[in-house]
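Asks: Please find one structure pasted underneath; my questions will follow.
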Amino acid sequence: MNFLSLFVLLPLLMILALFLARNRKQVLGIMVTGSTLLVVLSAYLAYLYTAARGNGATDPMLFTASLSWFKPLNIRYAVGVDGVSVVMLCLTSLIVFTGTFVSWKMAPLTKEFFLWYCLLATGVFGFFITIDLFAMFLFYETALIPMYLLIGVWGTGRKEYSAMKLTLMLMGSSMILLVGILGIYFSSGATSMNILDIVRTPIPLEQQYLFFTLTFFGFGVLGALFPFHSWSPDGHASAPTAVSMLHAGVLMKLGGYGCFRVAISLMPEAAAQLSPLFLVLTAIGVVYGAFAAIRQTDLKYINAYSSVSHCNLVLFAILMLTQTALTGAVLQMLSHGLITALFFALIGMIYGRTHTRLITEMGGLMKIMPFLGVSFVIAGLANIGVPGLSGFVAEMTIFVGAFENNGLLHRILTIAAVTSIVIGAVYILRTIGKFLYGPLQNPEHTKLGDARWYERLAVIMLIAGIVYLGSFPTGISDMINDSFGNLLQAVKN
Amino acid sequence: MEYTLLILLLPLASFVLLGLLSNRLNHKTSGVVGTGVLLLVTLLSFYAAWNYFTTQKAGGVFQSLLPFNIPWLGMGPQLHIDLGILLDPISVMMLVVISTVSLMVHIYSLGYMKGEKGFQRYYAFLSLFTFSMMGLVLSTNIFQMYIFWELVGVSSYLLIGFYYTKPEAVAASKKAFIVTRFADMFFLIGILVLSYYTQTFDFGALTSGNTALFQQALSITFMGASALVWAMALIFIGAAGKSAMFPLHIWLPDAMEGPTPVSALIHAATMVVAGVYLVARLFPVYVVFTPEVLEGIAYVGAFTSMFAAVIAMVQTDIKRVLAFSTISQIGFMMVALGVSKFEGHGGLGYMASMFHLFTHAMFKALLFLGAGSVIHAVHSNEMSKMGGLRKHMPVTHWTFLIACLAIAGIPPFSGFFSKDEILAATYQYNTGLGIWMTFVAGLTAFYIFRLYFSIFWGKENRYEHHTPHESPRTMTFPLIFLAAVTLLGGFIPFGNFVTADRSEYTIHIDWLIAVISIVVAVEAIFIAGMRYQYPGRRLKKMPSLLQGFNRAAQHRFYVDEIYLFVTKKILFNGISRAFAWFDRHVVDGFINGLASVTGWVSVKIRGLQSGEIQWYAFVFLLGTLLITALFLFI
Amino acid sequence: MGEFLINNTGDAVPVMAYQLVSLIMFFAGIYGFFTRKNLMMMLIAVELILNAADINFAVFNRYLYPGQMDGMFFALFTIAIAACETAVAIAIIINVYRNFGNADVDNLKKMKG
């Protein structure tokens, strides 16, 4: 048992503590303490990781440990991290932390809400720390189930429909994923389901074709792969704020991370061969999501389609199979996680005041809630890739990386994807112009207040993350960059 | 010269400070902080210029200096984005231009924006803009330039939309950002192509004339042109977007919705010439490796300058006139770059372009600030609301006149010298182009004096608010200062400092061309005076053909309408709505269809589960018999 | 058990006779179970089926493994189970009767999908 398991234990302890909590104050106390500890833990991990790499540790995964879990099938609870997982863990803990503050006034059933919220966090953290295929799958499923309840019980609008659709589509894809994972295990002939073992025993190419498709598709659906993204706009729109944040910010990243960790890393040869097919889908998704966002009038739908566009960009970058593009993909996951969490947080706060999310029913809110307005503008600018904010770093790394792949199809698709920076500007500026700027539309809105302290704290934390990543990307980018050596060697061969 | 780093850091610090504290500071403090910081930056810039031009010359050639350069973001094995400072003649020249105009605008705004809500925000944005623009000109590599290129775009967006409760301002800021973003997309693709084949972003490497670097880019062709031609053409599209070249000029006139000092700073003197600066920066690549693109640049510039000048003749909003005038003048600069060669006398165009950039920045800023002063007094942008103001606003009147004479190209004002060099360069290249540009110069003189006479002469209007009066000292000081620069700027031996090959070049005036252009200008001024000085006079009716043309020009030749048609009708209503519909009905419909098929099937199947125990038993028996039969017979 | 049942040599009663009885009982039970609507009658039919099975147990044990008693025990076992089952079933049937006023099997369709 090494300290990485704390990432799973801590949320589980929080769940236990929540069972015992008697009132709202205690619930919030537990949540704040626990999520703060998680943030500290992930910062400490990042520090340890950089220090270890600095001291010349060259293993693909650091801090590994392995525990037999189910002997007959060689399922082990194996943990370990590389640069990619470290940044994803940092992102997750930050969003769990801010999500807690955003749900400060959560009612009814506060305790139960946070219970499921912690279980969701457990699944996500577990997914990022394990390097055993089956344990990964298990944590993935752990993260899905609470989603259903969180949306179905605490959501808004057509919540039952959305929750059902989301769960069924993701369950369906995870069924395909399971087949893929088992296929990988059995065709590789490895002695365990540990990724590090499977990498050492290459999978025959004929099997790779099938299982690459299955696993990429399985994880891709969670990463909003076009045209299997339709669970995400409805899901996001119906979910309560903190869940939207965690969902779009982290859970969708599970898809991209899984595609990278399982589909691409274990079967690079098949990936190189089959990537054009999926590239076309993702490139369509990038442009399509952006165009679809232009027509929306509901703030959450706008951001949801924007997420579809950006998450497809992640998959697009992963499929480009160059070091820079992969770095860009991870940066984009990180950046989009922060930006979209900020967006959903702000949308939730604004909705909590105006009780509408339709931009046609709002106007001139900047004057009334300057803090939220300015933060929204910052989020918008980050989303369209303004330098100094995280979106720029991620997108540019992706585009430069995508251009390293010099197939003609890759070029054309890259240029198609680049157009999204313009379309993105259109829908973001349109949104901002409609509901923040201009004259006040609803005189009732003058009575509304600006952000409270707990809201400000969450928003400022996220903005700080966005600015840090956008202004000082070197450290993070290097940390991610270290993790692709072996993989790219395999692609070249 | 590491202290140049402060030129970047000071405005950034000022932006962060003013931005974070915004409402906690009172108006006066924030204004003083912003202006004070800029004064410091200006002093530093001037010192840096003096220092650079006196010390960094080796063998008659100015050397590039990299006082500061750090890697910022690695991109693969060889590519990396650096952030740094590059000092060479054009960047140092731009430092002087930007800091001077920016300082004047800061001082001017103390008076102009007095009492406006969001005064602190305004100064914060001004600082942000100054930072970004300085970063842009000091860039050591093309990607750094792209970074700051985007940042100036954002600051421009924020400043145009400063009056965010006004729908026109919001729409204008949106339009400006999206149109330039559209152009930036091509710029980005150009950078990607260029950097892929050369494996460097660095200006030093790109402009060193190293043929081996471009070997690959030149050898690979796509649709009949080499990759390098594509890259450089795409980069020029980016430049054309920022510099408002036809057909990407549509955002600039609308950008006049911003506060007037902002128009003076961003949309006249500094940001809009970024495109010219970019072409000048990459000039060695253009002129040696892709002369065909350079030729294209010349024709785009020539067409734009004529196009914008014609529109400027009939606009009635004084800021719009100045906006189109800016487009036209930038066209001049582009033409000059386009016709230039690299070395010696052939490099005249490059020098002329930079010279014109310098003088234009000063007199156009002056024109805008003067216009701002008038608007401040009259509370309107419309020419018809003005007239006879020369008695009420003597300082504004005289400084404005100096600027008008400068732009019209009357000696000894600065515009004469720079424009004359441009005309000389175009004649050198191609007589037809020379005549075309001379004609444009005539139009320039006409429209600017139409403006001048309509504002300061003619019948005095009855002013609704109060009798117009001269602006406060904070506003007139920048006018006087800039007028002084305009008066004397032409005598700067510009060729000694900025040339294409960086060795000294002595300016001499080609008197034949000069006399022709002066005659044309004076003629044009005379006509303008005849028509607009005393508007009571009966004007000859225009022929109907010309009237149609006139109307088209007033509507800016319907370019905006075409754009509107394409974006609104085709992109938003066509593609976007189709996509949204597709998503709701096909993609979602498929999923929902799947769900309803499942539901339908289960409704059908559940009939079997009738609850009749005897029926179940019967089926059970049949099943048993069947299995028995199977075992028996197979 | 009584010696008179043991008949290894003579075959006075052929095994077919026992089979015939049990077959008739079994199908009579099946028929009753399918056709009777009254729960009580269905229960009796089930008992018939069970008893037919019991006869088979006893007979085959007798004829095939005369030295062993396994079949006999199974038969006894089944009788015991049948008794319990009948007790439970009758309890349910009485409740059905109380609720519906009769003991028809068609009443019990509430659980259908």
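The values are calculated or read from the model by the stated rules, or taken from the named source; none is laboratory data. Keep in mind it's a predicted model, so treat the numbers as computed, not measured. Glycine also receives a Cβ, built like all others from the backbone with ideal geometry; neighbour counts cover every protein chain displayed.
Asks: Given the conditions (1) crowded, with 24+ Cβ neighbours inside 10 Å; (2) more than 22 Å from A:K159 (Cα to Cα); (3) in contact with a Phe, Trp or Tyr (Cβ under 7 Å, 6 or more places away or on another chain), and given that A:I302 satisfies all but one, which numbered condition is not satisfied?
Replies: (2)
Asks: Here is a follow-up. Does any residue in region A:68-82 that is under 20 Å from A:R261 (Cβ atoms) come within less than 6 Å, Cβ to Cβ, of a residue that is among the β-branched types (V, I, T) and crowded, with 21+ Cβ neighbours inside 10 Å six or more places away or on a different chain, and which pairs are these?
Replies: As it stands, the answer is A:A78/A:I131; A:V79/A:I129; A:V79/A:T130; A:G80/A:I131, since those pairs meet every condition given.
Asks: Condition first: more than 16 Å from B:T180 (Cα to Cα) and in contact with a Gly (Cβ under 8 Å, 6 or more places away or on another chain). Now tell me which residues in region A:403-432 satisfy that. Give the derivation first.
Replies: Here is the first cut: in region A:403-432, the ones more than 16 Å from B:T180 (Cα to Cα) are A:403-417, A:431-432.
Once the filter is applied, which keeps residues that are more than 16 Å from B:T180 (Cα to Cα) and in contact with a Gly (Cβ under 8 Å, 6 or more places away or on another chain), region A:403-432 yields A:E404, A:T431, A:I432.
Asks: For region B:247-286, give me the residue count where each residue is farther than 29 Å from B:N141 by Cβ and assigned to a loop (DSSP other than H, G, I, E, B).
Replies: The total comes to 4.
Asks: Which one of A:A425, A:A402 is touching a His at 6+ places or on another chain (Cβ under 8 Å), within 9 Å of chain B (Cβ to nearest Cβ) and touching a residue at least 24 places away in the same chain (Cβ under 8 Å)? Step through it out loud before you land on a result.
Replies: Details: A:A425 fails: touching a His at 6+ places or on another chain (Cβ under 8 Å).
Step by step, each of A:A425, A:A402 is checked, and only A:A402 is touching a His at 6+ places or on another chain (Cβ under 8 Å), within 9 Å of chain B (Cβ to nearest Cβ) and touching a residue at least 24 places away in the same chain (Cβ under 8 Å).
Asks: To continue, here is another question. Go through (1) under 28 Å from A:E361 (Cβ atoms); (2) buried (at least 24 other Cβ atoms within 10 Å of the Cβ); (3) within 10 Å of chain B (Cβ to nearest Cβ) for A:I294 and report which single condition fails.
Replies: That leaves (2) as the condition not met.
Asks: Of the conditions (1) out of contact with any Asp or Glu (no Cβ under 7 Å at 6 or more places or on another chain); (2) at pLDDT 80 or above, B:R538 satisfies every one except a single condition; which number is it?
Replies: (2)
Asks: Hey, does region A:462-474 have a residue that's outside any helix (DSSP H, G or I), hydroxyl-bearing (S, T, Y) and facing another protein chain (nearest Cβ under 10 Å)? It would help to see each step written out before you state the result.
Replies: Filtering region A:462-474 down to residues outside any helix (DSSP H, G or I) leaves A:472-473.
Subsequent filtering for residues that are hydroxyl-bearing (S, T, Y) retains none.
No, there is no match, as no residue in region A:462-474 is outside any helix (DSSP H, G or I), hydroxyl-bearing (S, T, Y) and facing another protein chain (nearest Cβ under 10 Å).
Asks: Report whether or not B:G432 is part of a helix (DSSP H, G or I), surrounded by fewer than 17 Cβ atoms within 10 Å (Cβ to Cβ) and either in contact with a Gly (Cβ under 6 Å, 6 or more places away or on another chain) or of a type outside the set (A, V, I, L, M, F, W, C) (or both).
Replies: On the way: part of a helix (DSSP H, G or I): yes; surrounded by fewer than 17 Cβ atoms within 10 Å (Cβ to Cβ): yes; either in contact with a Gly (Cβ under 6 Å, 6 or more places away or on another chain) or of a type outside the set (A, V, I, L, M, F, W, C) (or both): yes.
Considered against the rule, which asks whether it is part of a helix (DSSP H, G or I), surrounded by fewer than 17 Cβ atoms within 10 Å (Cβ to Cβ) and either in contact with a Gly (Cβ under 6 Å, 6 or more places away or on another chain) or of a type outside the set (A, V, I, L, M, F, W, C) (or both), B:G432 comes out as yes.
Asks: Counting only residues that are surrounded by fewer than 23 Cβ atoms within 10 Å (Cβ to Cβ) and assigned to a helix (DSSP H, G or I), how many does region A:58-89 have?
Replies: Qualifying residue count for the region: 3.
Asks: Among the residues of region A:431-450, which ones are crowded, with 21+ Cβ neighbours inside 10 Å and more than 14 Å from every other protein chain (Cβ to nearest Cβ)?
Replies: Hits for region A:431-450: nothing passes.
Asks: Would you call A:P240 under 30 Å from A:E112 (Cβ atoms), more than 14 Å from chain B (Cβ to nearest Cβ) and more than 15 Å from the chain's Cα centre (by Cα)?
Replies: Values: under 30 Å from A:E112 (Cβ atoms): yes; more than 14 Å from chain B (Cβ to nearest Cβ): yes; more than 15 Å from the chain's Cα centre (by Cα): yes.
Yes.
Asks: When you scan region B:37-55, do you find a residue that is within 14 Å of chain A (Cβ to nearest Cβ) and either under 15 Å from B:I7 (Cα atoms) or surrounded by fewer than 20 Cβ atoms within 10 Å (Cβ to Cβ) (or both), even just one? If you could, list the steps in order and put the result at the bottom.
Replies: Let us first name the residues in region B:37-55 that are within 14 Å of chain A (Cβ to nearest Cβ), namely none.
For region B:37-55, residues within 14 Å of chain A (Cβ to nearest Cβ) and either under 15 Å from B:I7 (Cα atoms) or surrounded by fewer than 20 Cβ atoms within 10 Å (Cβ to Cβ) (or both): absent.
Asks: Then there is this: Only one of these is within 14 Å of chain A (Cβ to nearest Cβ), in a strand (DSSP E or B) and in contact with a helix residue (DSSP H, G or I) (Cβ under 9 Å, 6 or more places away or on another chain): B:L73, B:L86, B:L66. Name it.
Replies: Values: B:L86 fails: within 14 Å of chain A (Cβ to nearest Cβ); B:L66 fails: within 14 Å of chain A (Cβ to nearest Cβ).
Exactly one residue qualifies, and that residue is B:L73.
Here is a yes/no grid of residues against (1) within 21 Å of the chain's Cα centre (by Cα); (2) modelled with pLDDT under 85; (3) within 21 Å of A:A458 (Cβ to Cβ):
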site: A:V8; (1), (2), (3): yes, no, no
site: A:M14; (1), (2), (3): no, no, yes
site: A:V32; (1), (2), (3): no, no, yes
site: A:V40; (1), (2), (3): yes, no, yes
site: A:A51; (1), (2), (3): no, no, no
site: A:N55; (1), (2), (3): no, yes, no
site: A:F63; (1), (2), (3): no, yes, no
site: A:A78; (1), (2), (3): no, no, no
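Asks: For B:I327, state whether it is of a type outside the set (F, W, Y) and within 15 Å of the chain's Cα centre (by Cα). If you could, list the steps in order and put the result at the bottom.
Replies: Working: of a type outside the set (F, W, Y): yes; within 15 Å of the chain's Cα centre (by Cα): yes.
So B:I327 fits the description; yes.
Asks: Out of curiosity, is B:L625 within 14 Å of chain C (Cβ to nearest Cβ) and at pLDDT 85 or above?
Replies: On the way: within 14 Å of chain C (Cβ to nearest Cβ): yes; at pLDDT 85 or above: yes.
Here the answer is yes, as B:L625 does meet what is asked.
Asks: Give me the pairs, please: first residue somewhere in region C:30-57 and free of Cβ contacts under 8 Å to residues at least 12 places away in the same chain and within 11 Å of chain B (Cβ to nearest Cβ), second residue anywhere and buried (at least 17 other Cβ atoms within 10 Å of the Cβ) and assigned to a strand (DSSP E or B), beta-carbon distance under 8 Å, and either six or more positions apart or on two chains.
Replies: Once the first residue is free of Cβ contacts under 8 Å to residues at least 12 places away in the same chain and within 11 Å of chain B (Cβ to nearest Cβ) and sits in region C:30-57, no partner that is buried (at least 17 other Cβ atoms within 10 Å of the Cβ) and assigned to a strand (DSSP E or B) comes close enough.
Asks: When only residues in region B:25-52 that are among the hydroxyl-bearing types (S, T, Y) and modelled with pLDDT under 90 count, which is nearest to B:V97 (Cα to Cα)? If you could, list the steps in order and put the result at the bottom.
Replies: If we filter region B:25-52 for residues that are among the hydroxyl-bearing types (S, T, Y), which is where we start, we get B:29-30, B:35, B:42, B:45, B:47, B:52.
Add one more test, that the residue is modelled with pLDDT under 90, and what stays is B:29-30, B:52.
On the way: B:T29: 26, B:S30: 24, B:Y52: 15 Å.
Ranking the candidates gives B:Y52 first.
Each row is one residue, and each column tells you yes or no for (1) at pLDDT 75 or above; (2) closer than 30 Å to A:G424 by Cα.
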position: B:I509; (1), (2): yes, no
position: B:I516; (1), (2): yes, no
position: B:V522; (1), (2): yes, no
position: B:A528; (1), (2): yes, no
position: B:M542; (1), (2): no, no
position: B:L546; (1), (2): no, no
position: B:Y558; (1), (2): yes, yes
position: B:F565; (1), (2): yes, yes
position: B:L594; (1), (2): yes, no
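Asks: Right, here's the next one. Here are some conditions: (1) buried (at least 21 other Cβ atoms within 10 Å of the Cβ); (2) at the interface with chain B (Cβ under 8 Å from one of its Cβ atoms); (3) within 25 Å of the chain's Cα centre (by Cα). A:T419 meets all but one. Which one does it not meet?
Replies: Failing condition for A:T419: (1).
Asks: Now for a different question. Which residues, taken from region B:310-326, are more than 19 Å from B:G370 (Cβ to Cβ) and crowded, with 24+ Cβ neighbours inside 10 Å?
Replies: Residues of region B:310-326 more than 19 Å from B:G370 (Cβ to Cβ): B:310-311, B:313-314.
The answer is B:I311, and nothing else.
Asks: Further, regarding this structure: State whether one or more residues within region B:555-572 are more than 14 Å from chain C (Cβ to nearest Cβ), in contact with a helix residue (DSSP H, G or I) (Cβ under 9 Å, 6 or more places away or on another chain), over 30 Å from A:F226 (Cα atoms) and basic (K, R).
Replies: yes
Asks: Do you know which residues across region A:357-399 are more than 10 Å from chain B (Cβ to nearest Cβ) and over 21 Å from the mean Cα position of the chain (by Cα)?
Replies: A:R357, A:L358, A:I359, A:T360, A:E361, A:M362, A:L365, A:I368, A:M369, A:F371, A:L372
Asks: Quick one: would you say B:H466 is modelled with pLDDT under 75 and surrounded by fewer than 15 Cβ atoms within 10 Å (Cβ to Cβ)?
Replies: Working: modelled with pLDDT under 75: yes; surrounded by fewer than 15 Cβ atoms within 10 Å (Cβ to Cβ): yes.
Against the criterion (modelled with pLDDT under 75 and surrounded by fewer than 15 Cβ atoms within 10 Å (Cβ to Cβ)), B:H466 qualifies.
Asks: Go through the residues of region B:499-510 one by one and say whether even a single one is assigned to a loop (DSSP other than H, G, I, E, B) and closer than 22 Å to B:M383 by Cα. Show your work before the answer.
Replies: Here is the first cut: in region B:499-510, the residues assigned to a loop (DSSP other than H, G, I, E, B) are B:499-502, B:504-510.
Restricting the remaining residues to those that are closer than 22 Å to B:M383 by Cα gives none.
Checked region B:499-510: no residue is assigned to a loop (DSSP other than H, G, I, E, B) and closer than 22 Å to B:M383 by Cα.
Asks: Report those helices (runs of 4 or more DSSP H) wholly inside region B:149-234 carrying at least 1 residues which are more than 9 Å from every other protein chain (Cβ to nearest Cβ), under 25 Å from B:T130 (Cβ atoms) and out of contact with any Pro (no Cβ under 7 Å at 6 or more places or on another chain). Working first, answer last.
Replies: Numbers: elements: B:167-198, B:203-206, B:211-219.
Hits in region B:149-234: B:167-198, B:203-206.
Asks: Residues A:T297, A:T322, A:T213: which one is in contact (Cβ under 8 Å) with a residue 60 or more places away in the chain, over 23 Å from A:T92 (Cα atoms) and in contact with a strand residue (DSSP E or B) (Cβ under 6 Å, 6 or more places away or on another chain)?
Replies: Values: A:T322 fails: in contact with a strand residue (DSSP E or B) (Cβ under 6 Å, 6 or more places away or on another chain); A:T213 fails: in contact with a strand residue (DSSP E or B) (Cβ under 6 Å, 6 or more places away or on another chain).
Exactly one of A:T297, A:T322, A:T213 is in contact (Cβ under 8 Å) with a residue 60 or more places away in the chain, over 23 Å from A:T92 (Cα atoms) and in contact with a strand residue (DSSP E or B) (Cβ under 6 Å, 6 or more places away or on another chain), namely A:T297.
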